[in-house]
Every structure is written in structure tokens, then in C-alpha cells.
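See structure below.
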Amino acid sequence: MAHIIPFKGIRYSQKTSRAAQRGLGGLICPPYDVISDEQRKKFISLSKHNFVNIELPESNKKAKKILNSWLKNRALERDSAPSIYIYRQEFEVKGRTFKRTGIFAALELDESKIHRHEKTIQKHIDRRFELLKEVKVNTSPIFCIFPDKTKTITKLILGTSRKSKPAVFTTADKITHYFWKLSDEKTIALLTNKLKKVSLVIADGHHRCRTGLLYKELMSKNGKPGERSGAPYNYILAFLCAIEDPGLIILPTHRVVKDYPDIKEKIRKYFTLSAWDGKSTPRLACCHNGEFMVMKLKTACAKNRNKLELSISAVVLRDFVLDETDPGDIFYTKDIDEAVKKAHEIQGYAFLLDAPDVNNVYKLSEQGIIMPQKTTYFFPKVPAGLVIYDING
């Protein structure tokens, strides 16, 4: 069901990467939604060609000007042959080393074939849409996951990667990156055919996907009938990774809210509370006025509810506690200490969540169930600037 095609990726030239601090590691950046103002300054200090200038620009028009300039002076170059790109990240979580491997490809924009799992925010879509209309390239990919129980696709990707040497570099966050270009037509055909049999779920990049769909709608109205089906704007830059990949890591995102009048009442009404010693890993806990409590949903509240939904702590919290809270009033963080500190500062509540099971997220998405914003945090993020997709061809 997933339709991917190779594309002529736009990438940093060897001359540009050699001139930058850390090579390619000084040129790429995370996707826009996790870059703070301070981090943006650091990326720019690494190289005048750092991709943050386009991914999170001072203005959309400036991003277009910079992109055109880099293409003209060959800081960025377009590959000569349509390719699929294999990409691996090697990283540590809690002292353990993981490797996550997948591919970059152009993915057909079809809402019936790409399932989403998180709620989107219109203002974020609007901002990315305006940038896309200006630069006309996908600056960062959407991240999709797919089932590969027999590991047929994974074995093909890994086997192909062993046939050639990758570009290898390390970024300041101590992540080692491996990048291969795959241009062999037979291997690409084999890979694309195997992926036609799987269903995709967006792991990260819901706003980017919606932006791509809007651009497709816009261009489809203006394009000639004969060129609409195969037009580049019908596709989006995507990174695809198997659910079974041992490096597919989800981290929890905790929530902090003010002490609204009804929160304490809801917690006591729907949950059984017990003291938390900080050693166990409960599905859901809260901290208020320095007191840590484990929150266990009462049995009566779970009746007639989708068990898969109730396995996601962000869903439980939304449905039983934060159902009337504006998402804009919720402070999100991956760090427990920061959540507790923030709750103390505002005399509110820190809700500490466990990480959702990726298989449950996938199954719920296939059922069309939309989960709250920031239900998942797939770590690490897939960077921007490693390979760019031109939606104009």
C-alpha cells in the first residue's frame, strides 16, 4: 500500500562538507520543532552553510534566497541518478548503544495509505505551508514506520548497505550517522515492490505531511491534467523504518499544568492513588506540592473502553483529567526533573508518563484513532539537510 519512488536528492557537496566543522555533522540540524533560539545560534556558529538557515529561517523569503544561492554556488548539488538513500543512526540511551536503520524515499501523498496518530495544530501547518510555497523543497522528512515481521525488507536494506562504504560522521550530540546512496535500479524495484504490501503510520512529521497534502491540493488545481498523477508534488520526502528495528526508541513526554480547580477532583474521582518511591516505572504518576503519587485508572472507568487506547498514558490523561484543558496551556518536556521543577514554580501538577508501546501506537493509528499531541517522541530525531526533495522536480 505504500508507494515510494527514487528521486534525485539535493545534498551538500563534498567541498562544502570538508570546509565545515565536523563535516556533515556541522551542516545538518534537527527538524524545526525541536530547535530553540539558543540552539539555532549554535548551529549557525558551526557553519554559514548550516541547514538551520533553511529549516528554521529568519524569514521564508530569506530561506528561498539562501537556498538558491547555495544551489548556484554548488554548496548544494543534485544527484545525477534517481536514488533511494539508506540511513543509520548509532546512539546511546541510558548507557545502552542502539542502531536505527531505514531509508529515505519520495512517498506518494495519499491519506488512505499514510495513517496519522497525533492531533495537529493549524498554526504550525500554516507556517510550514508558507515556507514550502516559498522554497519548494521538503527541508526535513516525515518519519514513517511499517511492520516487517519476517524482516524481508530489513534484510534487503541491510544486505544492500554492506555492498558499499557509507559516508560516516558524528554530530555534537554524540550520534554517529551512516549514509548510503542506492541507485541500482533492480534493487530499488525490489524494495519498492516489497513496500507496496505494507501500511505506513506517521511516527513524526504530522504537520509536514499535512503541509505536503495542502501543497498537492493547491498544485493539482493549477496543473495540467496529464501531468498531475506523476508530478513531484504528489510525493513527500519520507524516512521509513521497520517497527521491529531494535533501534526504534520512543521516549515519554511529560506534562505540566496549572492547578485548575477541577484537576484534583478528577484525579480522585477516576484514579486510585498510591505513594510513588521513584524506583518503579508506573504507567502514569503525578507530582503536586512535592508529593509523588502513582495514578491507576479505576476498574469501573475502563469498562467499555478500547484497551489499546487505555494502554497509552497520554490518552488516559487527556480523557480523564485534561479533557477541558487547552493544549496550549500544557507545558511539555522529556525531562522528569524539569517537569517537577516547573510544577513547583507554578504550584501546579507534573504528570509523568511512561513511553507508549510502538505496536499499540501502530494498531490504533490503523484504526483511525487520533492520540493527543506529543503522545510519542521517537528518539533520535531524523535530521534536516541530509537529503532534500525538490517538489518541482
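The values are calculated or read from the model by the stated rules, or taken from the named source; none is laboratory data. Note that this is a predicted model, so its numbers are computed, not measured. Cβ placement follows ideal geometry from the backbone for every residue including glycine, while neighbour counts extend to all protein chains displayed.
Assorted remarks:
- Some residue of the range 235-255 being at pLDDT 95 or above and of a type in the set (Lys, Arg): yes
- Only one entry in Ser164, Ser140 is of a type in the set (Gly, Ala, Ser), within 27 Å of Lys42 (Cα to Cα) and either in a strand (DSSP E or B) or in the same structural domain as Lys64 (by TED's automatic domain parsing) (or both), namely Ser140.
- Test: Leu67 is crowded, with 20+ Cβ neighbours inside 10 Å and within 29 Å of Lys174 (Cα to Cα): yes
- Residue check for Lys341: part of a strand (DSSP E or B), farther than 28 Å from Gly102 by Cα and among the charged types (D, E, K, R): no
- Pairs, first more than 16 Å from Asp259 (Cα to Cα) in the range 320-336, second among the hydrophobic types (A, V, I, L, M, F, W, C) and part of a helix (DSSP H, G or I), C-beta under 7 Å, six or more apart: Thr333/Ala339
- Yes/no for Lys374 being of a type outside the set (S, T, N, Q) and either out of contact with any Phe, Trp or Tyr (no Cβ under 7 Å at 6 or more places or on another chain) or outside any strand (DSSP E or B) (or both): yes
- Number of residues in the range 275-315 that are among the aliphatic types (A, V, I, L, M), touching a residue at least 12 places away in the same chain (Cβ under 8 Å) and surrounded by fewer than 15 Cβ atoms within 10 Å (Cβ to Cβ): the value is 1.
- Tabulated pairs, the range 13-31, first assigned by TED's automatic domain parsing to the domain that holds Val168 and in contact (Cβ under 8 Å) with a residue 40 or more places away in the chain, second part of a loop (DSSP other than H, G, I, E, B) and β-branched (Val, Ile, Thr), C-beta under 6 angstrom, 6+ apart or interchain: Gly25/Thr171
- Elements of type strands (runs of 3 or more DSSP E) contained in the range 206-319, each with 3 or more residues being within 30 Å of Gly9 (Cα to Cα): 235-242
- Verdict on Tyr260 being at pLDDT below 95 and either surrounded by 15 or more Cβ atoms within 10 Å (Cβ to Cβ) or in the same structural domain as Glu345 (by TED's automatic domain parsing) (or both): yes
- The range 184-201 residues that are at negative phi and without any contact (Cβ under 8 Å) to a residue 24 or more places away in the chain, paired with ones that are in a strand (DSSP E or B) and exposed (fewer than 12 other Cβ atoms within 10 Å of the Cβ) (beta carbon under 8 Å, 6 or more apart): none
- Failed criterion for Phe179 (all others in (1) closer than 28 Å to Lys94 by Cα; (2) in a loop (DSSP other than H, G, I, E, B) hold): (2)
- Set side by side, the residues Thr187, Thr150 differ, and just one is in contact with a Leu (Cβ under 8 Å, 6 or more places away or on another chain), more than 26 Å from Leu67 (Cα to Cα), in the same structural domain as Pro82 (by TED's automatic domain parsing) and not in a strand (DSSP E or B), which is Thr187.
Yes or no, residue by residue, for (1) in contact with a strand residue (DSSP E or B) (Cβ under 6 Å, 6 or more places away or on another chain); (2) assigned by TED's automatic domain parsing to the domain that holds Phe51; (3) surrounded by fewer than 21 Cβ atoms within 10 Å (Cβ to Cβ); (4) within 29 Å of Ile54 (Cα to Cα):
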{"residue": "Gly328", "(1), (2), (3), (4)": "no, no, yes, yes"}
{"residue": "Gln347", "(1), (2), (3), (4)": "no, no, yes, no"}
{"residue": "Ala350", "(1), (2), (3), (4)": "yes, no, no, no"}
{"residue": "Asn359", "(1), (2), (3), (4)": "no, no, yes, no"}
{"residue": "Gln367", "(1), (2), (3), (4)": "no, no, yes, no"}
{"residue": "Ala384", "(1), (2), (3), (4)": "yes, yes, no, yes"}
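- When Pro141 is tested against the conditions (1) in contact with a strand residue (DSSP E or B) (Cβ under 8 Å, 6 or more places away or on another chain); (2) farther than 23 Å from Met1 by Cα, the lone failure is (2).
- Hey, Lys94 over 22 Å from Phe379 (Cα atoms) and without any contact (Cβ under 8 Å) to a residue 24 or more places away in the chain or not: no
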